[in-house]
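*Asks:* Take a look at this one; I'll ask things after.
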Protein chains: 6
Amino acid sequence: MPFVNVVVTRDGITREQKAQVIREITETLQRVLDKRPDLTHIVIDEVDTDNWGYAGMTSTEYRKQRAAEQSSR
Amino acid sequence: MPFVNVVVTRDGITREQKAQVIREITETLQRVLDKRPDLTHIVIDEVDTDNWGYAGMTSTEYRKQRAAEQSSR
Amino acid sequence: MPFVNVVVTRDGITREQKAQVIREITETLQRVLDKRPDLTHIVIDEVDTDNWGYAGMTSTEYRKQRAAEQSSR
Amino acid sequence: MPFVNVVVTRDGITREQKAQVIREITETLQRVLDKRPDLTHIVIDEVDTDNWGYAGMTSTEYRKQRAAEQSSR
Amino acid sequence: MPFVNVVVTRDGITREQKAQVIREITETLQRVLDKRPDLTHIVIDEVDTDNWGYAGMTSTEYRKQRAAEQSSR
Amino acid sequence: MPFVNVVVTRDGITREQKAQVIREITETLQRVLDKRPDLTHIVIDEVDTDNWGYAGMTSTEYRKQRAAEQSSR
């Protein structure tokens, strides 16, 4: 009876990508852990980059810094 | 000190329905587990059907299949 | 397709209490939101009082202070 | 490898406030628990007051009652 | 920056099974959503069957009923 | 009305460390977001390193590789 919560930054994931992630994770849990798909629920949460903190800053800021570093190389 | 997270598909639940769910769960936890309502928090998350996977597909797809099955009977 | 997570302090809840909480919340979601019980999953997490913070202190400490206040009245 | 989920009511928190919360919690976990910031993720969830239950009612209702009590003093 | 929480009943999953679930989900998120593995965290929670409710009863009870049904066929 | 969930690997955190994390996060939310401590709950989850996946492997394995790399320098 698995419940899976996938939390990602909101980056324009398509409906097809979501369907594929759901299909593959369900298949993994069935094959590896013998979990029944009809008891497997998966919820995908998409989070604004301002609301996701990483390394002490928002993801918005982290990505800006990273882009600046890469363009200055 | 309960915290309860109720995760459901986004199906146009009304404000009154939310209030009733909150009232009843709080009452259950108070009566059965002796939990103080003033220490009981409940968060309702509503999830788009494209973001809820069930049985290896999105809920959007699951509902379509189910409707097709029922109309073909 | 609800998933419900009930988080409470670990206070020796019995198996019967857990079963009753599960029965009542499932019934509430079915009656109020028209959710199918065979798609309703509920997970109860029991948390040590040292790991639950409230009002800026652990629950262990909060309960001690509260007991002291009540006995000194 | 901490993951922190901060769930608050949606009250118009600014981008600057979010950044500061992220900065301070990351710093706390690094200083107190010796956790690496580059392994620390923080997600802030903002919840509508209709979806947050407290003391058996929605936060919307709770705030109304509280405001009424305070203005009637 | 994905965070994935996999919640399953406690059924004696081995260390190898956990490692494989982690490897495959990380690979899925990288291939389908282009997520960096060094920013992907996965937490597996194992829940006692008394603490997992399904269809209005504990999983312990659900499994007993199911076993009884199958043996009586 | 904040609820905060701090998920960390189980590394022998002491009761004092937990109390300090709770105190500081509560203080941050009060000062930065004006949140009342008597409405602030924090739950610390400690996760076995076999159950925490990072970079496609368990944390147990990740730490072994990292230790091996550092000792071979």
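Please treat every number below as a calculation from the coordinates, not as lab data. Owing to the predicted nature of the structure, the values given are computational and were not obtained by experimental measurement. Here Cβ is always computed from backbone atoms with ideal geometry, including for glycine, and neighbour counts include all displayed protein chains.
*Asks:* In nm, to one decimal, how far is the F:Ala68 label point from the F:Asp11 one, both placed 7 Å along Cα→Cβ?
*Replies:* 2.1
*Asks:* When the dipole is taken about the Cα centre of chain C, and only Lys, Arg (+1) and Asp, Glu (-1) are charged at their Cβ, what size is it in debye, to the nearest 20?
*Replies:* Dipole magnitude for chain C comes out near 180 debye.
*Asks:* If you don't mind, there's one more thing I want to ask. Ignore the peptide's own chain and count Cβ atoms of other chains within 10 Å of each Cβ in F:56-68; give me the average, rounded.
*Replies:* So the per-residue partner count for this stretch is 3.
*Asks:* Provide, for q = 0.27 Å⁻¹, the log10 of I(q)/I(0) from a solvent-free Debye sum over equal Cα point scatterers in chain F.
*Replies:* Per q value, in the given order, log10 I(q)/I(0) is -1.13.
*Asks:* Further, regarding this structure: Can you give me the Cα centroid spacing of the range D:1-71 and the range F:56-73 in angstrom?
*Replies:* So the two Cα centres are separated by 34 Å.
*Asks:* Can you tell me the orientation of helix A:15-33 relative to chain A, as the angle in degrees between its alpha-carbon axis and the longest Cα principal axis, to the nearest 10?
*Replies:* Between helix and principal axis, roughly 50 degrees.
*Asks:* Using only the alpha-carbon atoms, what does the protein assembly as shown span along each of its principal axes? Please give whole angstrom values in decreasing order.
*Replies:* Projected onto its principal axes, the Cα set of the protein assembly as shown covers 65, 62, 36 Å.
*Asks:* Relative to the present Cα-Cα distance, how much length would full extension add between B:Gln20 and B:Asp34 at 0.36 nm per residue of separation?
*Replies:* That works out to 3.1 nm of additional length.
*Asks:* Further question on the same structure: Using a label point 7 Å beyond Cα on the Cα-Cβ vector, give me the inter-copy distances for E:Arg10 in nanometres, one decimal, shortest first.
*Replies:* So the label point of E:Arg10 gives 0.9, 0.9, 3.7, 3.8, 3.8 nm to the other copies.
*Asks:* Using only atoms on other chains, find how many Cβ atoms lie within 10 Å of each Cβ of peptide B:11-19 and report the average.
*Replies:* Taking the mean over all residues of the peptide, I get 4.
*Asks:* Would you please give the residues with an amide H less than 5 Å from that of C:Ala55, counting only those at least 5 places away or on a separate chain, with H modeled from the backbone geometry?
*Replies:* F:Thr40
*Asks:* Next up: Using a Cα-Cα cut-off of under 19 Å, which lysines could be cross-linked to D:Lys64, ignoring same-chain neighbours fewer than 8 residues away?
*Replies:* Hits, sequence-local ones excluded: B:Lys18, F:Lys35.
*Asks:* Continuing with this model, one more query. Placing a label point 7 Å from Cα toward Cβ, how far apart in nm is A:Asp48 from its equivalents in the other copies, listed shortest first to one decimal?
*Replies:* Label point to label point, same position, other copies: 1.5, 1.6, 3.8, 4.0, 4.1 nm.
*Asks:* For each of C:Ile13, F:Ile42, count neighbouring Cβ atoms within 10 Å of the residue's Cβ, then give the residues from fewest to most.
*Replies:* C:Ile13, F:Ile42
*Asks:* Further, regarding this structure: Where does helix F:59-71 land angle-wise versus the long Cα axis of chain F, in degrees 0 to 90, nearest 10?
*Replies:* Helix F:59-71 sits roughly 60 degrees off the main axis of chain F.
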